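To start, the structure under review is shown below, and the notes come after it.
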Amino acid sequence: MINFLLKGLFRDRSRSLFPFLIVAAGVMLTVFLHAWLSGALSSMIQSTAHYRTGHVCVMTKAYSEKADQVPNDLALLAIDTLVMSLRQRYTDLFWTPRISFGGLLDIPDEKGETKEQSPVSGIGVNLLSADSPEWKMLNIRPALVRGQLPSQHGELLIAEELARKLHVQPGQKATLITSTMYGSMAYFNFTIAGTVRFGVGPMDRSAIIADLADMQQAMDMQQGAGEIVGFFKDDLYHEERANAIARDFNVANLKPSDKFSPIMGTLRTVSGLADYLDYVGSFSGIILTIFVVAMSIVLWNAGLTGSLRRYGEIGLRLAIGEETGHVYRSMMVESLMIGIAGSMAGTAIGVAIAYYLQVHGFDIGSMMKNSTMMISDVIRAQVEPFTFVIGFLPGILATFLGAAISGIGIYKRQTSQLFKELET
Amino acid sequence: MAPRTHSTTPETKNSTLIRTENLDKIYPLGLNTLKALNHVNLSISKGEFLGLVGPSGSGKTTLLNIIGSLDSPTSGSAEVLGRKIESLSHNDAARLRNKHIGFIFQTYNLLPVYTVFENVEFPLLLLGIDSSLRKIRVMDALEWVGLADRADSKPAQLSGGQSQRVAIARAIVKRPELVLADEPTANLDAENSHHIMKTMQQLNKDLATTFVFATHDEKVIGYVRRKISLVDGRIEKDEKQPRR
Ligand SMILES: Nc1ncnc2c1ncn2[C@@H]1O[C@H](COP(=O)(O)OP(=O)(O)OP(=O)(O)O)[C@@H](O)[C@H]1O
Ligand SMILES: [Mg+2]
């Protein structure tokens, strides 16, 4: 019987090819979209973690409340003991202090007069010890375009794009004009060691990377840092573990009455990504639902025209004694076969496209020219085990629903009318 | 063209296959009702070759419907192959049709995507008969109707007469006790009509299959051995005719 149905399916293209193509197309889009969103999302999470907040982040309570203004007057002090205790207590993370700062970078001419000037946003990180996790987290070595890596105090890395704008070369001097943590003007002379390109829009437009100790000196914040960031050693953001660690830390250290007491936040809470992540999550859910509904309607319609075309066949089958339920079930089996075949084809194509974009990436840099989102210019889709499964949900559900609804007509057929219906 | 096997011999010729008693079929018609069958008392024996004749609207199709368990009577009873049609469930009725009754329609209703062979094979698939036996039976049936050489053709490649012969093969392939045909020649020319009727006559003779026709067609009436005339849902005449 299955053979018989299959033969009919293959020979009657309008009954197989059309629904097959719809399912395959819908499934392909679902699969691709899912892989693309997960790729974009994890890229965004990774960039945000690496360049801004870490997977978890310790700040003073007051700093955390205004973190977007980088209020270094509220920075953590005596960080060495804090970093030490973090390293001891939470061993599956790297811990490293950072100072984020804003300021003006001034490029002098030979006489010491200002030649070029530009606002910059910088981070002071531990650059001078070889075992610093920053090398890996900030991806510094591969990002180097010109010059060399900083090897001593007073050296600075500058974004390649910014360097071109300021017409500076590695080896030239630059003066950072910023403010100390006590609010007075601060000047600090750097030598530009090299230029870097991170492939993340906001970093490439205005970032400088200085050594933490230099920044502490420049900003008059000995033993101080705006943030201590923690990275899981596998470089993946584990939301639940991050929450647990933050909870554990805050129970032990947070004194609500003291605005300078340290508080730990997670990537999700600190970055302001929380809403965004939720939004993307529900967005994917909504898209999936729309696919299922739209595809079901199209397939229901295809099923309806199909059963109109097959009115005679169904009538005949009922007349020669096939039970109604059997006819209905055979329609469902047919649709299931199409659903499975379409889902497999759609998944294969979707995964193939996603995989291509995982390997080659897709450059969205030009679209993100003015974005402050910490998202990589080259987005890569991300194929995960779930990518292979997710398409089957809309693929099979939609064909099944479509057939189930359009097939109800079979039950409405009255055998007493069959002779007359089959005469015309 | 003669069947290879004689599973049934016409020895049971006088046993009753169909019996109706005071059979009524009433349709609602607006505020009134319409009596499509009016106290039909009828007994049909195994092996008969019988025609229901009468003017349009006289109730031929309605009666065929009830005998074929596609519809049930309003009152009275219809017993077909020992089963009371009025008390059959939907699925019991389907099973009765599936196993014991073959249908032939005015339009042949072959399934266009399947070959002649597959069209004839379909009722056997429903009965769950295995493939080697199916093949023998289908080829037998196609031989009976003279279309063994067209087994691989598609319905679209056949003439009307050939299509109707395929439909006959499909009705007969499961060797049902009873074949019901509503206006089987209505779409055929004279020559094909005669061909069809001869084919069915032969099957009636060789397999002892009972045939009941509903028809206006004088050519069909010429072949039947018993002619029951319906007028306004009543049996008006019930005549035996000589074999031609
Ligand atoms: N479903 C129905 N609802 C209402 N009336 C019906 C229905 N089916 C048949 N009738 C009526 O019952 C009567 C008998 O119809 P039937 O189809 O049995 O006639 P028939 O002898 O087969 O006619 P024809 O030779 O034109 O096919 C007709 O008057 C018809 O209008
Ligand atoms: Mg009729």
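The values are calculated or read from the model by the stated rules, or taken from the named source; none is laboratory data. None of the values given here were measured: they were computed from a predicted structure. Glycine gets a Cβ as well: all are built from the backbone with ideal geometry, and neighbour counts include every protein chain shown. SASA here: full protein model, heavy atoms, side chains in, ligands and nucleic acids out. Shrake-Rupley method; radii C 1.70, N 1.55, O 1.52, S 1.80 Å.
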Among B:Pro184, B:Pro176, the single one that is within 14 Å of chain A (Cβ to nearest Cβ), in contact with a Lys or Arg (Cβ under 9 Å, 6 or more places away or on another chain) and either within 16 Å of ligand 1 (Cβ to nearest atom) or under 26 Å from B:Val53 (Cβ atoms) (or both) is B:Pro176
When region B:184-226 is checked residue by residue, the ones that are within 16 Å of ligand 2 (Cβ to nearest atom) and under 10 Å from the mean Cα position of the chain (by Cα) are B:Pro184, B:Val212, B:Phe213, B:Ala214
Residues that are touching a helix residue (DSSP H, G or I) at 6+ places or on another chain (Cβ under 6 Å) and either surrounded by fewer than 20 Cβ atoms within 10 Å (Cβ to Cβ) or not aromatic (Phe, Trp, Tyr) (or both): does region A:100-113 have at least one? yes
A:Gln222 passes all but one of the listed conditions (1) open to solvent by 40 Å² or more (accessible area, probe 1.4 Å); (2) touching a residue at least 60 places away in the same chain (Cβ under 8 Å); (3) of a type outside the set (A, V, I, L, M); the exception is number (2)
- Task: Tell me, please, whether a residue that is surrounded by fewer than 20 Cβ atoms within 10 Å (Cβ to Cβ) and in contact with an Asp or Glu (Cβ under 6 Å, 6 or more places away or on another chain) can be found in region A:401-417.
- Result: yes
Going through (1) free of Cβ contacts under 8 Å to residues at least 60 places away in the same chain; (2) within 16 Å of ligand 2 (Cβ to nearest atom); (3) open to solvent by 40 Å² or more (accessible area, probe 1.4 Å) one by one, B:Ser56 fails only at (1)
Residue set A:Arg52, A:Arg11; condition away from chain B (no Cβ under 14 Å) and either open to solvent by 50 Å² or more (accessible area, probe 1.4 Å) or under 30 Å from A:Val200 (Cβ atoms) (or both); output residue A:Arg52
Taking region A:14-47 and keeping residues within 14 Å of another protein chain (Cβ to nearest Cβ) and open to solvent by less than 50 Å² (accessible area, probe 1.4 Å) leaves A:Arg15, A:Ser16
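Taking the stated definitions as given, is A:Ile2 open to solvent by less than 50 Å² (accessible area, probe 1.4 Å) and aliphatic (A, V, I, L, M)?
Here the answer is no, as A:Ile2 does not meet what is asked.
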If we keep only residues of region B:111-140 that are away from chain A (no Cβ under 14 Å) and touching a residue at least 12 places away in the same chain (Cβ under 8 Å), then the residue nearest to A:Ala319 (Cα to Cα) is B:Arg137
Notebook entry, point to check: In this structure, does A:Ala404 turn out to be closer than 29 Å to B:Leu125 by Cα, more than 16 Å from ligand 1 (Cβ to nearest atom), out of contact with any Lys or Arg (no Cβ under 9 Å at 6 or more places or on another chain) and touching a residue at least 12 places away in the same chain (Cβ under 8 Å)?
Noted result: yes
For region B:13-34, the count of residues that are within 16 Å of ligand 2 (Cβ to nearest atom) and within 14 Å of another protein chain (Cβ to nearest Cβ) equals 2
Every listed condition ((1) farther than 30 Å from B:Leu127 by Cβ; (2) within 14 Å of chain A (Cβ to nearest Cβ)) holds for B:His194 save (2)
Of the residues in region A:234-268 that are without any contact (Cβ under 8 Å) to a residue 12 or more places away in the chain and among the polar types (S, T, N, Q), the one that is most open to solvent (accessible area, probe 1.4 Å) is A:Ser257
In region B:154-183, anything more than 15 Å from the chain's Cα centre (by Cα) and closer than 18 Å to B:Arg134 by Cα is listed as none
Quick count over region B:202-219, residues being in contact with a helix residue (DSSP H, G or I) (Cβ under 6 Å, 6 or more places away or on another chain) and either among the polar types (S, T, N, Q) or within 16 Å of ligand 1 (Cβ to nearest atom) (or both), is 4
Counted residues in region B:70-81 being away from ligand 1 (no atom under 12 Å from the Cβ) and open to solvent by 10 Å² or more (accessible area, probe 1.4 Å) come to 7
(1) within 16 Å of ligand 1 (Cβ to nearest atom); (2) at pLDDT below 95; (3) of a type in the set (Val, Ile, Thr) all hold for B:Thr5 apart from (1)
Practice task
With the condition kept exactly as written, say whether any residue in region B:94-102 is more than 10 Å from chain A (Cβ to nearest Cβ) and either open to solvent by 50 Å² or more (accessible area, probe 1.4 Å) or over 13 Å from B:Glu21 (Cα atoms) (or both).
Solution key: no
Listed by first then second residue, the pairs whose first member lies in region B:63-74 and is at the interface with chain A (Cβ under 7 Å from one of its Cβ atoms), whose partner is away from ligand 2 (no atom under 13 Å from the Cβ) and in a helix (DSSP H, G or I), with beta carbons under 7 Å and at least 6 positions apart or on separate chains, are B:Leu70/A:Ala319; B:Leu70/A:Thr415; B:Asp71/A:Thr415
Within region B:64-79, residues out of contact with any Lys or Arg (no Cβ under 8 Å at 6 or more places or on another chain) and either closer than 16 Å to B:Thr185 by Cβ or outside any loop (DSSP other than H, G, I, E, B) (or both) come out as B:Leu64, B:Asn65, B:Ile67, B:Ser75, B:Gly76
Of those in region A:398-423 that are more than 19 Å from B:Ala36 (Cβ to Cβ) and within 14 Å of chain B (Cβ to nearest Cβ), the residue farthest from the chain's Cα centre (by Cα) is A:Arg413
Per the list (1) open to solvent by less than 10 Å² (accessible area, probe 1.4 Å); (2) modelled with pLDDT under 95, residue check on B:Asp189 breaks on (1)
Of all helices (runs of 4 or more DSSP H) fully inside region A:264-364, the set with 1 or more residues that are more than 14 Å from every other protein chain (Cβ to nearest Cβ) is A:267-270, A:273-309, A:324-359
- Item | Condition met for A:Gly112 (in a loop (DSSP other than H, G, I, E, B) and among the small types (Gly, Ala, Ser)) | yes
Apart from one, (1) free of Cβ contacts under 8 Å to residues at least 60 places away in the same chain; (2) more than 16 Å from ligand 1 (Cβ to nearest atom) all hold for A:Val351; the odd one out is (1)
